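Colleague: Handing you a structure now.
No lab work stands behind these numbers, since they all come straight from the coordinates. This is a predicted model, so every value here is computed, not measured. Note that each Cβ is placed from the backbone with ideal geometry, even for glycine, and that neighbours are counted across all protein chains shown.
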Amino acid sequence: MDSEGAYITMELIKVLVVDDSALMRKVLSDIINSDPTMIVIATARDGQDAMQKIDHLKPDVVTLDIEMPVMDGMQTLEKIMTSNQLPVIMLSSLTQSGAEHTIRALHLGAIDFIAKPSGQISLDIDKMSDDILKKIKIAAGTKKNLPNINTISDFNPISSPVNGEKVIYSKRQLNKLVLIGTSTGGPKALHQVLPKIPANINAGILVVQHMPSGFTKSLAESLNSLSQIKVKEAEDGEEVLTGCAYIAPGNFHLNVLANKEAQKKELHIKLTQEPPQGGHRPSVNQMLQSVAGQFWSDIVCVIMTGMGKDGTAGLKHIKDKGAKVIAEHQSTCVVYGMPKVAIESGLVDKVVPLWNISDEVINMLQ
C-alpha cells in the first residue's frame, strides 16, 4: 500500500459490531462502511467473541447489542470498562426492560445508545443511519479522555437513599430553582450529581437530558432509587415543589407556567411539542427561556457534558434575571461541547469538575 493509502487507513475510525443477529450485523456494517471516515474491522456474534476480537484488533468504537446469548451486552460492557476502556454504543430495544438496561449501561460507562425502532431485529434501522454515524463519530472522539472519566469514583451520597415515599415540601414557598442541562454523557453525570443533593434542599430542580422518548422515565427511576430528593419524569400541569427534581420527557420541551394569583406563588410544568430548537426536543435553551419569562426569584443553572451548544443562548435570558451559572470542567466531560460554548460566552460564574457540582449548587443557593 502506498504512503497515502496507509495514511488514510490510519485515520479511519475502526468499529467492531457486536450483535447475535447476522442480519443486524450486516445492516449495521453496511451503514458504517457507507461513511468514508470509518470502517467495520470485524463483527462478533456475542460478548465472548467480542472480547477476543477487541484484544486482537483494538477497535476505536464498539457497537454492542444488549440481548445476546453466551455473554450478553451488560456483561460484555462491564468487561470492556474494566480491561479496555473503549467507547461503547449500546443497541437497545424500545421496551421497559430495554430502557432499564440502557440506563444501567450508560451509568457503567457506555457513551451513548441507539434505540432499535422495531424490536430486536430492526429491518428499518437504516432509517437511523445518520444518527448512528453521528454517534459513532462522537464516541470515537471520547477515546483519549475515557480512562480519565471512568476512573471517577462512584458517587457517595450524603447518606443512604430514602426507602419508600420521600418527604416533599408541598406547602413551602418555591423561591429557588436549579436548572440542569446535559446531553452525551449526561446520564452517568447526573448519577454523580443528584444523589449528593440533600433532601432538605430549598429549591425545585428541572433537568433537560437529551434523550428519546421511552428512556427518560427509566432514567428518573434509577436516579430516584439512589437519591435523597425525589426524582421523577415531569408531567404536564404538575406543580414544581422544593426537594423534587423533574426530568423532561423525551420528545417534549419542558416549559413552566407561573400562577402568581394563588395564595402562594406557584410554578407548574407545561410540556409542549413545539418544533425542536437546534435539533433538540427537549431543549435546554427552551427551558431556560421559559423559566426566565415566568419565575420570580433565585436561579442556579448547571451546563454539563454534551455535544453542541444547547443552553448557551438561554443563559443570557436567565442571567438578566440574576441567575448564577456553573459549567462542568473539561477534565470530567465525556464530550466537552455544551460547557465549552457556555464558558466562551462569558456567562458562566464557576467552572468545576463533576464531583464538585452538587456542592457548588448548594453553595450558590445559600
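Colleague: Taking LYS321 as the anchor, which lysines have their alpha carbon closer than 22 Å to its alpha carbon, excluding any fewer than eight residues away along the same chain?
Modeller: LYS176, LYS260, LYS264, LYS265, LYS270, LYS309, LYS350
Colleague: Relative to the Cα centre, what is the charge dipole magnitude of the chain, using +1 at the beta carbon of each Lys and Arg, -1 at the beta carbon of each Asp and Glu, and rounding to the nearest 20 debye?
Modeller: Charge dipole, the chain, about its Cα centre: 1100 debye, nearest 20.
Colleague: Next question, about the same structure. Need the list of lysines near LYS53 for cross-linking: C-alpha distance under 30 angstrom, and skip anything on the same chain fewer than eight residues off.
Modeller: Within reach: LYS14, LYS26, LYS79, LYS116, LYS127, LYS134, LYS135, LYS137, LYS143, LYS144, LYS188.
Colleague: Non-local amide H neighbours of PHE113 (under 5 Å, H modeled in plane, Pro and chain starts lacking H): which ones?
Modeller: Result for PHE113 returns MET90.
Colleague: With a/c under 1.5 counting as rounded, go ahead and sort the stretch 176-365 into rounded, prolate or oblate using the C-alpha gyration tensor (a ≥ b ≥ c being the square roots of the eigenvalues; past the cut-off, prolate if a/b is larger than b/c, else oblate).
Modeller: rounded
Colleague: Under 1.5 on a/c is rounded, so check that first for the stretch 293-365, then, if it is not, pick prolate when a/b is larger than b/c and oblate when it is not; a ≥ b ≥ c are the square roots of the alpha carbon gyration tensor eigenvalues.
Modeller: On the way: a/c = 2.29, a/b = 1.30, b/c = 1.76.
It comes out oblate by the Cα gyration axes.
Colleague: Further question on the same structure: Classify the chain as rounded, prolate or oblate from the Cα gyration tensor: take a ≥ b ≥ c as the square roots of its eigenvalues, call it rounded if a/c is under 1.5, otherwise prolate when a/b beats b/c and oblate if not.
Modeller: prolate
Colleague: Counting each DSSP H run of 4 or more residues in the chain as -39500 (n - 2.57), what helix-only mean residue ellipticity at 222 nm follows after dividing by all residues, to the nearest 500 deg cm²/dmol?
Modeller: So the calculated ellipticity at 222 nm is -10000 deg cm²/dmol.
Colleague: Turning to a different aspect of this structure: Could you order the peptides 30-36, 74-80, 330-336, 292-298 from most to least packed, using the average number of other C-beta atoms within 10 Å per residue?
Modeller: On the way: 30-36: 14.7, 74-80: 19.7, 330-336: 21.4, 292-298: 16.7.
Ranking, from highest mean packing down: 330-336, 74-80, 292-298, 30-36.
Colleague: Quick one: putting +1 on the C-beta of Lys and Arg, -1 on the C-beta of Asp and Glu, what dipole do you get for the stretch 292-366 around its Cα centre, in Debye to the nearest 20? Before the final figure, lay out the partial values.
Modeller: Values: 7 positive and 8 negative charges, 38 e Å.
Roughly 180 debye, rounded to the nearest 20.
Colleague: OK, next. Determine the sum of side-chain charges near GLY346: Lys and Arg each +1, Asp and Glu each -1, restricted to other residues whose C-beta is under 15 angstrom from that of GLY346. Write out the running numbers ahead of the final one.
Modeller: Details: positive: LYS309, LYS316, LYS319, LYS324, LYS340, LYS350; negative: ASP320, GLU344, ASP349.
Result for the local shell: +3.
Colleague: Of all DSSP beta bridges located in the chain, what percent are antiparallel, nearest 5?
Modeller: Expressed as a percentage, antiparallel bridges in the chain total about 20.
Colleague: Ranked highest first by average number of other Cβ atoms within 10 Å, how do 15-23, 189-197, 274-282, 339-347 line up?
Modeller: Sorting 15-23, 189-197, 274-282, 339-347 by mean packing, highest first, produces 189-197, 15-23, 339-347, 274-282.
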